[in-house]
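The values are calculated or read from the model by the stated rules, or taken from the named source; none is laboratory data. What you see is a predicted model, and the numbers here were worked out from it, not measured in a lab. As a convention, Cβ positions derive from the backbone with ideal geometry for all residues, glycine included, and neighbour counts pool all protein chains shown.
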């Protein structure tokens with residue numbers, strides 16, 4: 001295989017795995033628990049920025065970029081820090097917005113939060129270097145491993161695969177458990193869930209933070225691969241790409257949303273990125289957004305449960321001895 | 001003659017304003033244990049608001065609610081439910097994308113696998129209690145002749161079956177008292193008679209209930225005592241025969 005081909009494949013694989021992590025986290029919040037988090041990408045962004053500033057080393061006068069904190073934490077601490085920072089922000093946002101507001105208003109709060117966060121990151125230039133963003137984020141263990149760039153990419157793809165499997169198992173443990181059932185019940189009717197004794201505020205907050213941590217981890221793993229992060233990387237429409245993946249694949253179905261990730265953010269967006277430019281510069285990219293919107297509409301209209309619809313819990317039948325006619 | 005039993009629920013001078021509208025205006029009544037207390041009155045009398053206040057969905061502007069000897073005024077709905085006072089809703093409130101059996105299982109209190117840690121510890125940790133809960137839920141399904149619907153999505157049930165599901169789900173919490181908000185609304189007559197019989201059976205087992213109902217014939221068969229509301233106030237309290245004989249009740253129904 002040619003080097004260019006290998007580079008292409010490893011990059012796609014890494015994008016796929018990282019997007020799957022992100023989508024699994026949003027699916028917990030949106031698909032399973034019914035929280036309409038239009039700010040999901042903000043938590044991915046916070047994870048990425050955090051991982052960047054704790055691995056870029058201390059800032060110094062005359063540096064080409066400026067940022068807060070600045071440390072050289074070893075692998076895998078930046079990833080954990082990214083998850084923790086995103087989780088912490090989720091807690092703060094959740095406490096403010098998830099307690100009293102109705103879910104449609106929560107959705108608006110999230111959308112506004114997404115816009116505000118981009119503005120802050122762009123304009124508070126000392127925070128994470130403003131609109132130019134952060135660059136030269138070191139790749140974890142690159143020097144220690146002593147691999148060529150291509151070999152390193154394959155190893156990184158394997159690392160992303162490993163993390164994706166971990167997160168998948170973590171998420172699946174929730175969705176298969178009584179907790180997952182209670183979250184789905186809350187999504188279907190929060191008043192009724194409260195009326196049978198479920199603390200819906202606590203449940204919402206908990207799953208919001210769990211999803212936020214996963215978002216942060218996915219952002220951290222991403223920034224350590226592409227080595228740069230700027231406000232343009234996490235504009236609010238990115239959340240809608242994740243939502244499209246969930247709606248297409250099948251909301252609240254872990255396998256479904258993973259297929260959705262393969263189809264929408266990776267298949268649809270990444271592959272079309274390599275199409276030859278037609279009409280004018282940026283036309284294809286603009287059409288991508290149009291198509292993501294159309295895709296969401298079409299699925300909501302014709303197949304609202306996605307390709308793999310949510311699977312309700314099934315239980316082993318009672319032992320036959322008790323009931324049922326003898327044959 | 002026995003001493004009158006201690007009321008299980010005491011509603012005292014409850015008031016609720018929505019802007020300038022006084023939906024509940026100093027309502028007081030009590031419900032006795034082991035009885036089905038009927039709450040009746042014309043449209044707009046404030047019955048549903050009062051049920052909402054008792055269930056915790058609506059905060060009262062003034063007044064107090066005492067349940068089982070404890071003040072529950074203004075508590076969050078889930079706290080009230082955990083004390084054994086569980087309500088159903090006027091509009092169907094099933095968990096639509098869960099099966100009938102899952103709907104019942106959700107209501108089981110303090111499940112092992114319901115915390116994040118518990119969930120991550122997997123079936124090895126929560127499997128046994130889950131199996132016991134499934135058994136208990138199937139017993140309830142059997143009792144209410146809903147076993148054939150066990151794996152049906154709740155959203156696909158008929159209106160009457162949804163009402164029944166809500167009652168079954170409430171029972172899974174092992175309540176001391178049920179608050180039933182129009183449990184027969186939209187239920188076909190045959191199933192309605194079955195639900196009536198179920199409620200009578202539950203009463204015979206000692207479960208206390210409060211029931212809002214428009215169909216006075218049903219109230220007469222099931223409820224004793226009956227509390228009559230009009231314009232946010234309790235205007236009469238007593239047996240069905242007593243209250244229907246009173247002029248103010250007749251006026252409220254005719255004028256209201």
Residue tally, condition surrounded by fewer than 10 Cβ atoms within 10 Å (Cβ to Cβ) and within 14 Å of chain B (Cβ to nearest Cβ), over segment A:263-316: 1
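Just to check your reading of the model, which residue among A:223, A:213 is modelled with pLDDT of 95 or more, over 27 Å from residue B:102 (Cα atoms) and in contact with a strand residue (DSSP E or B) (Cβ under 6 Å, 6 or more places away or on another chain)? Quick ask: steps written out before the conclusion?
Values: A:213 fails: in contact with a strand residue (DSSP E or B) (Cβ under 6 Å, 6 or more places away or on another chain).
Result: A:223 is the single residue among A:223, A:213 that is modelled with pLDDT of 95 or more, over 27 Å from residue B:102 (Cα atoms) and in contact with a strand residue (DSSP E or B) (Cβ under 6 Å, 6 or more places away or on another chain).
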Single condition residue A:136 does not satisfy, out of (1) surrounded by fewer than 16 Cβ atoms within 10 Å (Cβ to Cβ); (2) part of a helix (DSSP H, G or I): (2)
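Is it true that some residue in segment A:198-206 is free of Cβ contacts under 8 Å to residues at least 24 places away in the same chain, outside any helix (DSSP H, G or I) and either within 12 Å of chain B (Cβ to nearest Cβ) or surrounded by fewer than 24 Cβ atoms within 10 Å (Cβ to Cβ) (or both)? Quick ask: steps written out before the conclusion?
Restricting attention to segment A:198-206, the residues satisfying the condition of being free of Cβ contacts under 8 Å to residues at least 24 places away in the same chain are A:198-200, A:202, A:206.
Keeping just the survivors that are outside any helix (DSSP H, G or I) gives A:198-199.
If we keep only those that are either within 12 Å of chain B (Cβ to nearest Cβ) or surrounded by fewer than 24 Cβ atoms within 10 Å (Cβ to Cβ) (or both) too, we end up with A:198-199.
Within segment A:198-206, one or more residues are free of Cβ contacts under 8 Å to residues at least 24 places away in the same chain, outside any helix (DSSP H, G or I) and either within 12 Å of chain B (Cβ to nearest Cβ) or surrounded by fewer than 24 Cβ atoms within 10 Å (Cβ to Cβ) (or both).
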Selected residue [crowded, with 24+ Cβ neighbours inside 10 Å and more than 10 Å from every other protein chain (Cβ to nearest Cβ)] from A:158, A:212: A:212
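Can you find, within segment B:208-224, the residue that is nearest to residue B:25 (Cα to Cα) among those that are assigned to a loop (DSSP other than H, G, I, E, B) and in contact with a helix residue (DSSP H, G or I) (Cβ under 8 Å, 6 or more places away or on another chain)?
The residue in question is B:213.
Pick out the one residue from A:194, A:173 that is at the interface with chain B (Cβ under 9 Å from one of its Cβ atoms), farther than 16 Å from residue A:21 by Cβ and either modelled with pLDDT under 95 or assigned to a helix (DSSP H, G or I) (or both). Don't jump to the end; show me each part of the working.
Values: A:173 fails: farther than 16 Å from residue A:21 by Cβ.
Testing whether each residue is at the interface with chain B (Cβ under 9 Å from one of its Cβ atoms), farther than 16 Å from residue A:21 by Cβ and either modelled with pLDDT under 95 or assigned to a helix (DSSP H, G or I) (or both) leaves just A:194.
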Flag if residue B:81 is surrounded by 22 or more Cβ atoms within 10 Å (Cβ to Cβ), at pLDDT below 95 and touching a strand residue (DSSP E or B) at 6+ places or on another chain (Cβ under 9 Å): no
Residue B:165 more than 10 Å from every other protein chain (Cβ to nearest Cβ), modelled with pLDDT of 95 or more and not in a helix (DSSP H, G or I): no
Residue ID - modelled with the highest pLDDT, chosen from residues in segment B:89-107 that are under 17 Å from the mean Cα position of the chain (by Cα) and more than 8 Å from chain A (Cβ to nearest Cβ): B:104
Among residues of segment B:168-207, those that are at positive phi, within 14 Å of chain A (Cβ to nearest Cβ) and either in a helix (DSSP H, G or I) or in contact with a strand residue (DSSP E or B) (Cβ under 7 Å, 6 or more places away or on another chain) (or both), counted: 0
Identity of the residue in segment B:108-139, closer than 21 Å to residue B:161 by Cβ and surrounded by fewer than 18 Cβ atoms within 10 Å (Cβ to Cβ), that ends up nearest to the other protein chains (Cβ to nearest Cβ): B:139
Qualifying residue in segment B:152-172 (condition: in contact (Cβ under 8 Å) with a residue 12 or more places away in the chain and within 20 Å of residue B:46 (Cβ to Cβ)): no
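Considering A:127, A:119, A:150, which residue is in contact with a strand residue (DSSP E or B) (Cβ under 9 Å, 6 or more places away or on another chain), farther than 30 Å from residue A:311 by Cβ and assigned to a helix (DSSP H, G or I)? Don't jump to the end; show me each part of the working.
Working: A:119 fails: in contact with a strand residue (DSSP E or B) (Cβ under 9 Å, 6 or more places away or on another chain); A:150 fails: in contact with a strand residue (DSSP E or B) (Cβ under 9 Å, 6 or more places away or on another chain).
The unique qualifying residue is A:127.
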Considering residues of segment B:28-56 that are within 14 Å of another protein chain (Cβ to nearest Cβ) and touching a residue at least 24 places away in the same chain (Cβ under 8 Å) only, the residue surrounded by the fewest Cβ atoms within 10 Å (Cβ to Cβ): B:48
